[in-house]
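J.: Before we start, here is the structure in question, set down as structure tokens.
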């Protein structure tokens, strides 16, 4: 017996956006029927508001346990629901301890109790010396692994070397799990810190494109040798696109994401002292970012993820504006959809593009494409209702993140999330949370 149905003139399905009646039973989509079909269950008419699959963000730093003064499961997953995000995958840092061993992972799992308002999965971490933990973490249910090729920002998650990756990648290849990589091969350059501390252009020049390009080249080489699924996180250098295209043309198991901030902002518009924009790799120039857009729209870049990496205002050096000491990370989890839609709509993108970039393709990376990321029969009823023509202004009171530091404050964004459904349950109806603690732990 169908529990209820959602009716909309704009249901965003893998086959296009169309009028439809979506039937839901026991948390799953059981059928899509013509919008005027007769059914024996309650029907909610959404009118012309769009029904999309819930957003899946596989690049989120929730920071619990250990750094809950930065963020935590409660605030992060609340913010997610308000933004239409139904699934997050938590990075193995900046929690303390980091997720590089089974024992540490158990601590993280324990910390989720009573605090999961949306679904959450986990990446394990690759650091020097933890190869013996990989099989155990896989057995415990991580969705894949993350490594840095440069200093991660915290000393308890040191960067992996090429030798480390050569040891790990064949193991992941056997299990069919992805390795996510922060691609910057850095060189020691303390000189930039002797220049203007408040200059964004000084910071931008301190992390050149070649660092990314060299690191991407290394990972393509290792991907070809090991056949390990390899995922480049938060690509910002358009100069890497040609080698990525060549690798994909060879059929290598390589995927790529970029971040909303690389598509929304341009370096030319960031003023000195605006450390809320600091991230690594940095936001680059408009000519570069236009190329990222072209790659996303062509499918060369697979999807977009926030890399939500919050920190207290003092760590972001908001008062001093000092780029040399500010934490590098942008808080934007709740705004993932409207930020991308605001910029994408101007470039002729459709709601189907949005669903592909924020739901369908991220689900593939996380190993959830058989049940999440689409509005289709047999899929989980993780859904959002969007008013794509409506707009809102980003204010501190609107944000549910623990800290309200964000480069999007004060901006007008398009795309208002009206409702969020998790497993067929209405959990958010703007501006109220209807049900909490409905999230599930995700494993493969």
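J.: Please work out the Cα convex hull volume for the stretch 32-162 and give it in Å³ per residue.
T.: Working: hull volume 21.5 nm³, N = 131.
Once divided by residue count, the hull of the stretch 32-162 is 164 Å³.
J.: Give me the angle, in degrees from 0 to 90, between the Cα long axis of helix 73-82 and the longest principal axis of the Cα atoms of the chain, rounded to the nearest 10.
T.: Roughly 50 degrees between the two axes.
J.: Tally the DSSP beta bridges in the chain and give the antiparallel ones as a percent, rounded to 5. Intermediate results must be reported in sequence, preceding the final value.
T.: Values: 32 of 62 bridges.
The antiparallel fraction comes to roughly 50 percent.
J.: Apply 1/(1 + (r/R0)^6) to the Cβ-Cβ distance of residue 156 and residue 36, taking R0 = 45 Å, and write down the FRET efficiency to the nearest 0.05.
T.: Details: r = 58 Å, r/R0 = 1.30.
Calculated value: 0.15.
J.: Moving on to the next point. If each residue's Cβ is checked for other Cβ atoms within 10 Å, how do 157, 277 rank with the fewest at the top? Present the calculation step by step, with values, prior to reporting the outcome.
T.: Values: 157 25, 277 22.
Going from sparsest to densest Cβ surroundings: 277, 157.
J.: For the pair residue 291/residue 437, report the inter-label distance in nm, with labels modelled 7 Å from Cα in the Cβ direction.
T.: That separation, rounded to one decimal, is 5.1 nm.
J.: Sticking with this one: Take the chain, connect every pair of alpha-carbon atoms lying under 10 Å apart with a spring to form a Gaussian network, then pick out the residue of 196, 15, 214 with the largest mean-square fluctuation.
T.: In this elastic network of the chain, the residue with the biggest mean-square fluctuation among 196, 15, 214 is 15.
J.: Right, something else. Provide the three semi-axes, in whole Å and in decreasing order, of the ellipsoid equivalent to the stretch 338-417 as defined by the square roots of 5 times the Cα gyration tensor eigenvalues.
T.: Numbers: eigenvalues 134, 51, 28 Å².
Three semi-axes, in Å: 26, 16, 12.
J.: Shifting gears a bit: In whole Å, what is the distance between the alpha-carbon centres of the stretch 373-393 and the stretch 30-52?
T.: 13
J.: Something else now. At q = 0.11, 0.18, 0.21 Å⁻¹, what is the log10 ratio I(q)/I(0) for the stretch 96-181, with the Debye formula run over Cα points and no solvent?
T.: With no solvent term, the Cα-only Debye profile gives -0.29, -0.76, -1.00.
J.: By how many nm would the segment from residue 69 to residue 352 lengthen if fully extended, with 0.36 nm per residue of separation less the alpha-carbon distance?
T.: Values: separation 283, 0.36 × 283 = 101.88 nm, distance 3.71 nm.
The residue 69-residue 352 span can extend by a further 98.2 nm.
J.: So how compact is the stretch 383-444: Cα radius of gyration and Dmax in angstrom?
T.: Both quantities, over Cα of the stretch 383-444: 13.7, 40 Å.
J.: Using just the alpha carbons, could you tell me how many Å³ per residue the convex hull of the stretch 340-379 encloses?
T.: Numbers: hull volume 2.1 nm³, N = 40.
Spread over its residues, the Cα hull of the stretch 340-379 gives 53 Å³ apiece.
J.: Using helices alone, I'd like the mean residue ellipticity at 222 nm for the chain: each DSSP H run of four-plus residues gives -39500 (n - 2.57), total over residue count, nearest 500.
T.: Values: 12 runs with 114 residues, N = 444.
So the calculated ellipticity at 222 nm is -7500 deg cm²/dmol.
J.: Sticking with this structure for a sec: Give me 223, 41, 279 ranked fewest to most by other Cβ atoms within 10 Å of their Cβ, as a rough exposure proxy. Mind showing how you got there, number by number?
T.: Details: 223 23, 41 12, 279 20.
Lowest count first: 41, 279, 223.
J.: Please give, to one decimal in nm, the separation of the simple spin-label points placed at residue 1 and residue 397, each 7 Å out from Cα toward the Cβ.
T.: 4.4
J.: Could you tell me how far the Cα centroid of the stretch 157-188 sits from the Cα centroid of the stretch 304-343, in Å?
T.: Answer, in whole Å: 25.
J.: Follow-up question, since we're still on this one. Taking the alpha-carbon set of the chain, what are its Rg and Dmax in Å?
T.: Looking at the chain, its Cα Rg and Dmax stand at 20.9, 71 Å.
J.: If you look at just the Cα atoms of the stretch 270-423, how large are its Rg and its Dmax in Å?
T.: 16.7, 53
J.: Using the Kirkwood radius built from alpha carbon pairs, what does the Stokes-Einstein equation give as D for the stretch 148-282 at 4 °C and 1.567 mPa s, in µm² per second?
T.: Values: Rh = 16.0 Å.
D, rounded to a whole number, is 81 µm²/s.
J.: Could you check which residue among 34, 388, 65 shows the biggest mean-square fluctuation in a GNM of the chain with a 10 Å Cα cutoff?
T.: 34
J.: Based on alpha-carbon atoms only, what is the radius of gyration of the stretch 1-97 relative to the globular estimate 2.2 N^0.38 Å?
T.: After normalising by residue count via 2.2 N^0.38 Å, the value is 1.43.
J.: Sort 102, 60, 134 so the one with the fewest other Cβ atoms within 10 Å of its own Cβ comes first. Let's see the in-between values first.
T.: Details: 102 17, 60 27, 134 23.
Starting with the residue having the fewest Cβ neighbours, the order is 102, 134, 60.
FYI, it's all coordinate maths here, none of it is from the lab. Since the model is a prediction, treat every value here as computed from it, not as a measurement. Methodologically, a virtual Cβ is constructed for each residue, glycine included, from the backbone with ideal geometry; neighbour enumeration extends over all protein chains shown.
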